[in-house]
Amino acid sequence: MAAKQTWTAYYPAVSFTGLDPPKNMAAVLNAHAAEVLRIRRVGIDNAYTTAVTGNLRLLELRRYTGATLVGSTAVTPTPHVTANVAPAAATYGYAGAVGGVAELLRSVLWSCEEPAYQNLRWEELETFVPLNIIWDAGYGEHSVQPLALRQDEMICLYLTFAVGAPGSGFLDTWIEFTKE
Amino acid sequence: MAQTWTAFYQGVAFAVGKNMASVMNSHAVEILRIRRICLLNNQVASVVGVVCQIELRRYTGASIVGGVAVVPVPHASANVAPASAVYNHAGVPGGVSAVLRRVYRSSDEPIITGASNDEIETIVPLNIIWDAGYGDSNVQALALRQDESVVVWNTAGAAGTLDTWIEFTKE
C-alpha cells in the first residue's frame, strides 16, 4: 500500500487566553468537495520554559460538520515529502471563530504550569511526546478508520474550561494528516 | 524492506542555538526517509542541569557547514551507504527551516533512586520524538530529498549533554 501524501501542522505556543468565548487552540478545516483529509494523529505538548502561573485547562477534541473557521491565525503545514501537492481548499489555524455542528470525541485535562527540571509532576509528564498523543485511531491498525474530514468538516482542539487566570500558559499542538 | 541505518550522536554538549544531531541528503535521486528520532539522557557525571528546549526542524535548500561527523551504523552490513549524505552535530545548518515540533528537556543528570524527568529521559520508548508512519504504511515518513536535512536544534539551555539516535532508510 502506497503511503498517502502526509503533512504535519504545528501550532506552537498558542496562548490559553480567551475563555469568553472559549478558544480554538488548533484546527484543520477541509472545504474541498472531492479531497478527503484523514487525521492520523494529534499530539499536544508542554514545551513552556519560562515561569507562568499555571492552572487547570480542559480541552475538547471536536469534529465539526458544516464547519466554518473565521479570523483564525494561520499556520502552514509541513509536507513529509516536499513534492506533495497541498490540499486545494483547507484552512489551518488557531483562535478565530469556529462554526458548525460540534461532535465531541474526547476531553483532555491539562496543566498549563511550566515544567521544571528535577521534577516529575503532571507538567513534566506533559513534555514526553509518546505520552501526549491524544488521537491516533487507526494508526497501524487498518481495520479502524482514521477520522476523516470531508467537505466542510473540521477537527478542532477547543479550550472549554479553565481554573484561575485564563491568560496564563501556552500549548503546542501537532496534527498529522493525509490527503486522498 | 529498505536499507536502514542508525546514526547515533553521543554525548553532545548542550549550547544555545546548536545543531545537536543532523542528517542532510545532497543526492539528486536517492531519498532518505527519517523513520524515528529519539533523545536520551545518558549523562553519568554530575552537572548543574538547566531547562532546554529542542526543535525538530526540516530544512529545504539545506546546507551544513562544519561540525563533527558521525558514521551511521547499517542495520545490515551489506548495505550500500547513501552516496551523498552528511551526518553531524555542531555544524551550522542553512536553508529554509520548518519546525515540526518542540520538546522540553531537562539537562540534569539522572541519579539512582531518583524519579524526576531526568531519570524518565533515560527510558527509550518514552523519548522517541518522531515516528511518523512507523507501522502505518498509509502515512509518509519524513523524506529528505536533494538538499534537504533534518536537524535536532537546541534553542535554549547550555549545560549537560544529549544523546540522539536517528533511524533512516534509503530508497
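Structural remarks
- Sequentially through region A:81-93, phi angles give Karplus couplings (6.51, -1.76, 1.60; θ = phi - 60°) of 10, 5, 7, 4, 9, 4, x, 6, 8, 10, 10, 10, x Hz, Gly and Pro residues having no value and appearing as x.
- For residue B:26, nonlocal amide neighbours, meaning residues 5 or more places apart or on other chains whose placed amide H falls under 5 Å from its own, are B:84, B:85, B:86, B:147.
- Taking amide H positions as modeled 1.01 Å from N, with prolines and chain starts lacking one, the residues under 5 Å from residue A:68 and 5 or more places away or on another chain are A:99, A:100.
- Each residue of region A:44-53 was assigned a 3J(HN,Hα) from its phi angle through the Karplus expression (A = 6.51, B = -1.76, C = 1.60, θ = phi - 60°), giving 10, 8, 9, 10, 7, 10, 10, 5, 8, 7 Hz with x at Gly and Pro.
- Mean separation of Cα contacts under 8 Å (6+ apart) over length of chain B, as relative contact order %: 51
- Peptides B:75-83, A:97-105, B:18-26, ordered by how many other C-beta atoms sit within 10 Å of their residues on average, highest first, read B:18-26, A:97-105, B:75-83.
- Helical mean residue ellipticity (222 nm; -39500 (n - 2.57) per DSSP H run of 4+; nearest 500) of chain B: -500 deg cm²/dmol
- Projected label points at residue A:133 and residue A:148, each 7 Å from Cα along the beta carbon direction, are separated by 2.2 nanometres.
- Distance from region A:56-103 to region B:62-101 (C-alpha centre basis), Å: 33
- Residue mean of other protein chain beta carbons inside 10 Å, A:42-49: 4
- Global geometry of region B:10-160, whether rounded, prolate or oblate, following the gyration tensor of its Cα atoms and the 1.5 cut on a/c: prolate
- For chain A, the relative contact order comes to 49 percent (Cα pairs under 8 Å, sequence separation of at least 6).
- The label point for residue B:28 and the one for residue B:155, both projected 7 Å from the Cα toward the Cβ, are 3.7 nm apart.
- Between residue A:108 and residue B:78, the modelled labels are 4.4 nm apart [label points 7 Å from Cα along Cα→Cβ].
- Cα-based shape type of the protein assembly as shown, given that a ≥ b ≥ c are square roots of the gyration tensor eigenvalues and the cut on a/c is 1.5: oblate
- Sequence of B:38, B:52 once ranked by neighbouring C-beta atoms within 10 Å, starting from the fewest: B:38, B:52
- Within straight-line cross-link reach of residue B:170, aspartates and glutamates at Cα separation under 13 Å, skipping those fewer than 8 residues along the same chain: B:30
- Overall form of region B:1-96 per C-alpha gyration tensor (a/c, 1.5; a/b vs b/c): oblate
Quick note: the coordinates plus some simple rules give every number you see, no bench work behind them. Just so it is clear, the structure is predicted and the values come from calculations on it, not from any experiment. Heads up, the Cβs are rebuilt from the backbone with ideal geometry, glycines too, and the neighbour counts pull from every protein chain shown.
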